[in-house]
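For reference, the structure is listed below as structure tokens.
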2 protein chains.
Amino acid sequence: MYKELSVSKKNLLGAGPSSVDPKVLKAMSTPLVGHLDPEFLVIMNETMDLLRHVFQTQNKLTMPMSGTGSSGMETVFVNFIEPGDDVIVGINGLFGMRMADIANRCGAKVHPIEAEWGRIIDPDQVKEKLDATDAKLVAIVHAETSTGVCQPLKEISNYCKEKEALLIADCVTSLGGMPVNIDETGIDIAYSGTQKCLSCPPGLAPITVNDRALEKLRKRKTPVLSWYFDLSMLQNYWGKERFYHHTAPISMIYALREALKIVYEEGLESRFKRHQLHSKALVRGLESMGIEMFAQEGHRLPMLNAFKIPAGTDDVKLRKYLLEELGIEISGGLGALKGKIGRIGLMGYSCDKSNVMAILSGLELAFMAQNYCIEGNIGIKAAETVYRQSCC
Amino acid sequence: MYKELSVSKKNLLGAGPSSVDPKVLKAMSTPLVGHLDPEFLVIMNETMDLLRHVFQTQNKLTMPMSGTGSSGMETVFVNFIEPGDDVIVGINGLFGMRMADIANRCGAKVHPIEAEWGRIIDPDQVKEKLDATDAKLVAIVHAETSTGVCQPLKEISNYCKEKEALLIADCVTSLGGMPVNIDETGIDIAYSGTQKCLSCPPGLAPITVNDRALEKLRKRKTPVLSWYFDLSMLQNYWGKERFYHHTAPISMIYALREALKIVYEEGLESRFKRHQLHSKALVRGLESMGIEMFAQEGHRLPMLNAFKIPAGTDDVKLRKYLLEELGIEISGGLGALKGKIGRIGLMGYSCDKSNVMAILSGLELAFMAQNYCIEGNIGIKAAETVYRQSCC
């Protein structure tokens, strides 16, 4: 009645999950050891070390939460908000909205700073809001997956320091594909997911928390609303005490360790350059085809390239063609952007020249199928000029 | 600097995770498809069907939460408790305590019914408490992993119906190894984990909720404290709408589907009999060695066999010997039972004759290493009598 598990070959070039390195898939099929086994404790230590490397931090409390990326968001809000706290939240896309939703559930007085979807949050507005409120917590999305916008954080971080406020950054899409520079930028708390530029399956949410933030956690007057995401308890499992909290997702941690090892071996600088190069080639190709990019110029993410759906073409048909004819997945727009943009991910293992060429030629075919004519091979030819320039 | 991932062969005969069927490990290494891919939606549907089968329910809302077993506990409490609600919680082990902790965080007025660890909760006490309070929610652990006790639920369920209270059952350790009979027993809400008798890696928490409980959810006056575990939103992703909530842990769901398919193919009745048989053989072997079982007679779990550490022997040394010399993991006691009991799991894929014999002979060696003398092979000989009887 139930068939053997089998799925078609898919090239995951959407907003995530990205395609997973076969080495990571192999690691995940390693037989289990117990969650308190001495061998597993070594694997946990290595995973934390490797996470510090990719987060570019020395923070002791750096570990994966046992849930998908959004559980990282929930973790930081439930631990660092007490009912009645004033919290500043930047909202310029779906994930900013989600932050505000979760902060509200935690009983915060949310002070939103809004920007048009596709544009960055103005750092000066954060300063003004910090001056005008008692907020001691500012939450901003570093890489807004719903729009492709990359938020500059250094100025905001400086303003937070002046007001002794903590800065939370959502690095779900940025981690492993571009610098997040936790320590250098002065980000106090950050979270991410495994299924974007780390090219690991979804299922874990790496977080990092500095001592300044831990001090605030120690001074809480009310219990953390969540038992499952209670960092004070989790610290005791991942820390020296190794005190049982919940059974760790062993196989996912095998996978994360392997994915992080691959990042480490490539080197952060090479990895970040690789993401820049292929995004540049992709954008050159798209623009040469008359397709406009969506996110504000100068603030575009390399790993998540949002483009406007050309007038006269249909987004759903476009994605259906790519998926059914070519096995390529890209993502559509979310919320208010539904039907208006497409989102192409070039993340981690998926970020290479063959995929840039596959999606450019695939889009050409998909547009032609809608009688939206594009001169032959113009996209891939334009992209090729970027590669030629880069090697000289 | 970081070595290839490699772990020693371990025979997981503790409280979980149990050893995973190689077919499940293989399924987990299947390349990814997107979390909204039509092929994945079929896999989700099949997983829900197969979960209904093992939960023995027709409940439409039957799905895995994206976290480990404890996240299932948190899910049901955050969704079905509103601040100020009276909640009756049975506490006769660590997981009952955890339920009370989480219920408190949700703002409940907790009315505990306690029993000595190792004994069941008296159903009449539940009736009395229902009469004496305004509680509309009763939470009880079906299979108390910390003590090996199996709680009878039918009477309690009847009392709940009389008072129009909802019954929550923790089936983390029982699901897949013994009947949970959700519909027949009248359990309104149940949750479980994947790493016990389903023999899937830890990382998901299957839950099931009936219409009576859903009605209560619809009538909530306050928002659910957790966004990540908000069932009303999750229903829309797992239901017909397929509305994006969070990125599902694809690989873990591949694994769960395969693990559930194995359960389905074996058949529930055969599977439950298998757990009964091997537990009986194990207990016969242990008792013949002069080792006393811990949990109340007549209410012992077949998949989790708790025994008293004999006077004059040391629990830590015992487990260390088994792990280091034989690669066998068993679990020690938790909380007040630390050092006082050992816990042997015979769960799912791990539940077979070879493991019964391996742990009985291993224990004999481990006890001998502590100069606690046991006549040669007495345990395995006694166990063998059970197997001989069962085949005639």
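The values are calculated or read from the model by the stated rules, or taken from the named source; none is laboratory data. No experiment lies behind these values; they were computed from the predicted model shown. Methodologically, a virtual Cβ is constructed for each residue, glycine included, from the backbone with ideal geometry; neighbour enumeration extends over all protein chains shown. Areas reflect the complete protein model, heavy atoms only, side chains present, ligands, DNA and RNA absent. Shrake-Rupley method; radii C 1.70, N 1.55, O 1.52, S 1.80 Å.
Listed here are the residues, each with its yes/no results for (1) acidic (Asp, Glu); (2) on the phi < 0 side of the Ramachandran plot.
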| site | (1), (2) |
| --- | --- |
| B:MET293 | no, yes |
| B:PRO302 | no, yes |
| B:GLY312 | no, no |
| B:GLU325 | yes, yes |
| B:ILE328 | no, yes |
| B:ARG343 | no, yes |
| B:TYR349 | no, yes |
| B:ASN355 | no, yes |
| B:ILE359 | no, yes |
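When every residue of segment B:246-256 is checked against the conditions, none turns out to be under 30 Å from B:GLY342 (Cα atoms), in contact with a His (Cβ under 9 Å, 6 or more places away or on another chain) and more than 9 Å from chain A (Cβ to nearest Cβ). Restricting attention to segment A:48-65 and to residues that are part of a helix (DSSP H, G or I) and open to solvent by less than 10 Å² (accessible area, probe 1.4 Å), the residue that is farthest from the other protein chains (Cβ to nearest Cβ) turns out to be A:PHE55.
Taking segment A:1-47 only, how many residues are part of a helix (DSSP H, G or I), open to solvent by 20 Å² or more (accessible area, probe 1.4 Å) and at the interface with chain B (Cβ under 7 Å from one of its Cβ atoms)? The number of residues fulfilling the criteria is 3.
Filtering segment A:366-383 to residues that are open to solvent by 40 Å² or more (accessible area, probe 1.4 Å) and within 18 Å of A:GLU292 (Cα to Cα) leaves A:MET368, A:TYR372, A:CYS373, A:GLU375, A:ASN377, A:ILE378, A:ILE380, A:LYS381. The helices (runs of 4 or more DSSP H) found entirely in segment A:185-289 that carry 3 or more residues being within 23 Å of the chain's Cα centre (by Cα) and polar (S, T, N, Q) are A:268-288.
Among the residues of segment A:105-135, those that are part of a helix (DSSP H, G or I), open to solvent by 10 Å² or more (accessible area, probe 1.4 Å) and out of contact with any strand residue (DSSP E or B) (no Cβ under 6 Å at 6 or more places or on another chain) comprise A:ARG105, A:PRO123, A:ASP124, A:LYS127, A:GLU128, A:ASP131, A:ALA132. Report yes if A:ARG119 is closer than 30 Å to B:LEU32 by Cα and of a type in the set (Lys, Arg), otherwise no. When the stated conditions are applied, A:ARG119 does not pass them. Reported count of residues in segment A:344-357, each being surrounded by 24 or more Cβ atoms within 10 Å (Cβ to Cβ), outside any helix (DSSP H, G or I) and not small (Gly, Ala, Ser), is 4. The residues on offer are B:LEU360, B:LEU304, and the sole one that is surrounded by 19 or more Cβ atoms within 10 Å (Cβ to Cβ) and out of contact with any strand residue (DSSP E or B) (no Cβ under 7 Å at 6 or more places or on another chain) is B:LEU360. Only one of the numbered conditions (1) within 27 Å of B:TRP117 (Cα to Cα); (2) touching a Cys at 6+ places or on another chain (Cβ under 8 Å) is violated by B:ILE291, and that is (2).
Total residues in segment B:367-383 satisfying the condition of being in contact with a Lys or Arg (Cβ under 9 Å, 6 or more places away or on another chain) and either assigned to a helix (DSSP H, G or I) or under 15 Å from B:LYS353 (Cα atoms) (or both): the figure is 3.
Restricting attention to segment A:339-392 and to residues that are basic (Lys, Arg) and in contact (Cβ under 8 Å) with a residue 12 or more places away in the chain, the residue that is nearest to A:TRP117 (Cα to Cα) turns out to be A:LYS340.
Could you tell me whether any residue of segment A:142-162 is touching a residue at least 40 places away in the same chain (Cβ under 8 Å), over 19 Å from the mean Cα position of the chain (by Cα) and surrounded by 15 or more Cβ atoms within 10 Å (Cβ to Cβ)? Checked against the condition, which is being touching a residue at least 40 places away in the same chain (Cβ under 8 Å), over 19 Å from the mean Cα position of the chain (by Cα) and surrounded by 15 or more Cβ atoms within 10 Å (Cβ to Cβ), segment A:142-162 yields no hits at all. Total residues in segment A:335-365 satisfying the condition of being at pLDDT 95 or above and either within 18 Å of the chain's Cα centre (by Cα) or among the aliphatic types (A, V, I, L, M) (or both): the figure is 18. Take the residues in segment B:88-108 that are in contact with a Pro (Cβ under 7 Å, 6 or more places away or on another chain) and more than 10 Å from every other protein chain (Cβ to nearest Cβ); name whichever of them is farthest from A:TYR244 (Cα to Cα). Checking each candidate, the answer is B:VAL89. For segment B:202-219, residues that are touching a Ser or Thr at 6+ places or on another chain (Cβ under 7 Å) and away from chain A (no Cβ under 14 Å) total 3. Of all residues in segment A:134-149, those satisfying the criterion of being touching a Gly at 6+ places or on another chain (Cβ under 9 Å) and on the phi < 0 side of the Ramachandran plot are A:VAL138, A:ALA139, A:ILE140, A:VAL141, A:ALA143, A:GLU144, A:THR145, A:SER146, A:THR147, A:VAL149. Number of residues in segment A:178-196 that are buried (at least 24 other Cβ atoms within 10 Å of the Cβ) and away from chain B (no Cβ under 14 Å): the value is 6.
For segment A:240-251, a residue qualifies if it is free of Cβ contacts under 8 Å to residues at least 60 places away in the same chain and open to solvent by 10 Å² or more (accessible area, probe 1.4 Å), and the qualifying residues are A:LYS240, A:GLU241, A:PHE243.
Every residue, every condition in (1) small (Gly, Ala, Ser); (2) in contact with a Cys (Cβ under 8 Å, 6 or more places away or on another chain); (3) over 29 Å from A:SER66 (Cβ atoms), yes or no:
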residue: A:GLN151; (1), (2), (3): no, no, no
residue: A:ASN158; (1), (2), (3): no, no, yes
residue: A:LEU166; (1), (2), (3): no, yes, no
residue: A:CYS171; (1), (2), (3): no, no, no
residue: A:SER174; (1), (2), (3): yes, yes, no
residue: A:GLY177; (1), (2), (3): yes, yes, no
residue: A:ASP183; (1), (2), (3): no, no, no
residue: A:GLY186; (1), (2), (3): yes, yes, no
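Could you tell me whether any residue of segment B:220-233 is open to solvent by less than 60 Å² (accessible area, probe 1.4 Å), within 8 Å of chain A (Cβ to nearest Cβ), within 18 Å of B:ASP21 (Cα to Cα) and touching a helix residue (DSSP H, G or I) at 6+ places or on another chain (Cβ under 9 Å)? No. The residue that is least open to solvent (accessible area, probe 1.4 Å), among those in segment A:257-291 that are acidic (Asp, Glu) and more than 11 Å from chain B (Cβ to nearest Cβ), is A:GLU266. Residues in segment A:71-87 that are surrounded by fewer than 24 Cβ atoms within 10 Å (Cβ to Cβ) and either within 20 Å of the chain's Cα centre (by Cα) or within 12 Å of chain B (Cβ to nearest Cβ) (or both): A:PRO83 alone.
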